[in-house]
1. Considering (1) open to solvent by 30 Å² or more (accessible area, probe 1.4 Å); (2) not aromatic (Phe, Trp, Tyr); (3) not in a helix (DSSP H, G or I), say which one Ala289 fails and leave the rest.
2. Can you tell me which residue within region 319-351, out of those that are crowded, with 18+ Cβ neighbours inside 10 Å and acidic (Asp, Glu), is nearest to the chain's Cα centre (by Cα)?
3. Kindly provide the set of residues from region 202-240 that are farther than 16 Å from Leu251 by Cα and in contact with a helix residue (DSSP H, G or I) (Cβ under 8 Å, 6 or more places away or on another chain), ordered by number.
4. Does region 182-224 hold any residues that are charged (D, E, K, R) and under 24 Å from Asp243 (Cα atoms), and which are they?
5. List the helices (runs of 4 or more DSSP H) that sit entirely inside region 245-286 and contain at least 2 residues that are among the polar types (S, T, N, Q), modelled with pLDDT of 95 or more and in contact with a Phe, Trp or Tyr (Cβ under 7 Å, 6 or more places away or on another chain).
6. Select from region 135-166 the residues that are part of a helix (DSSP H, G or I) and in contact (Cβ under 8 Å) with a residue 60 or more places away in the chain and list them in ascending order.
7. Enumerate the pairs (first residue in region 92-106 and of a type in the set (Lys, Arg); second residue anywhere and buried (at least 17 other Cβ atoms within 10 Å of the Cβ)) with beta-carbon separation below 7 Å, excluding pairs fewer than 6 apart on the same chain, so at least 6 apart or on different chains.
8. Mind counting the residues in region 296-318 that are of a type in the set (Val, Ile, Thr) and either buried (at least 20 other Cβ atoms within 10 Å of the Cβ) or at pLDDT 95 or above (or both)?
Amino acid sequence: VPQQQQQQSLRAPALFHLPTGATKPLGWLKTELELQGSGLSGQLPYFWHYLNQSAWTGSPKGEALQQFVPYYLNGLFPLSYQIEDANIKSLRYFFADYILNTSTTWLGPDIPMSNSQKDAENYWTKYLAVEAFQSLAEADKGFESRVIPVLLKHFQSFHQQMKMKLPNFNISRWGMARYSDGIAGIIWMIDKGYGTSPDSAFLWDLLYMIRNESDSVMSQADHSWENWYASMGDPFKSPPGPDNTGTIHLLRHGVDIGQAIKTGALWSRVSGSQDDFFNPQKAVEWAEAYLHMSDGMYFADEEVQGQHTPSRGTETCSVVETMFSLRTAYEITGNISFMDRLERLAFNALPAALF
């Protein structure tokens, strides 16, 4: 049976997703976002070469698939609908128009059909770009009509090249360890009504391919995310063998741990499994048991090292990715404890990381 026929409907989330721009900031938060807009968020593209000399915007000096432009757009696009700032809106149109107008197969630069590429040229950075453009489509109907066709072609290219193993999905180590973001983008498309017609049914197959290949490689190296959390696997235990591929490092990487917290919740919408549904709670309990910090985070200075590390903290990326995972888990499960912890991070860990 083709994989896309294994499941043809998603389990409904507990809560409706509010689209980007549905809420507006007031008071202190509005002031903070306006400062953000007039600060680095509004100025980085004018002097930082990773943004103004990027292949994402056609610069011949830029390496093709670096993550900097997609990460930047994940902040820029939502911000541009939260505040009134002419420069921020101008940057939104510059990046969105260029990328949408030049995307013919993949969203943004093509992934070469080769297995001899650099680590930077992988599937992972595409997850980030998809998230950014999906938020743009949510906020602006004018963009939605342009974004959806590009995303369909993008996922079709993803599906075709994964089947051909050009490049092999294993080359994209970050794409494997952070696959929850990849399936989140596909689930968004299915929620929009795609995946049911013959020309979009491949979305289901792609979902299973990403999930199965990622879990298989990670389990062979050490553990899959959900199994680790559910079994309360010891992050300080020596790995079973040498880390020849770098996979074990990624499975102890602080940012990856935060991103993976939402994996079970997302997959429960595909599988309908209660084990998947409750796995984010297991993940939070796992982090509390082994890596507790008083601000609601877990310690992982780049990666988890040493059981007694009071001088170690965690990086900003881990904080914001954990916040995103908790928001996603709350939306799907309705478990208010995820929002309680998210609030704790927002008012403690995040300011400490930024300021």
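1. With (1) open to solvent by 30 Å² or more (accessible area, probe 1.4 Å); (2) not aromatic (Phe, Trp, Tyr); (3) not in a helix (DSSP H, G or I) applied to Ala289, the lone miss is (3).
2. Glu321
3. Phe202, Leu203, Trp204, Asp205, Leu206, Leu207, Tyr208, Met209, Ile210
4. Within region 182-224, Arg211, Glu213, Asp215, Asp222 meet the criteria.
5. So the answer is 263-271.
6. Correct list: Ser135, Leu136, Glu138, Ala139.
7. Hits for this filter: Arg92/Leu76; Arg92/Phe77; Arg92/Ser80.
8. 2
The values are calculated or read from the model by the stated rules, or taken from the named source; none is laboratory data. Bear in mind the structure is a predicted one, so any value in this text is a computation, not a measurement. Every residue, glycine among them, receives a Cβ derived from its backbone with ideal geometry; neighbour counts consider all protein chains shown. Side chains included, ligands, DNA and RNA excluded: accessible areas come from the protein's heavy atoms. Shrake-Rupley method; radii C 1.70, N 1.55, O 1.52, S 1.80 Å.
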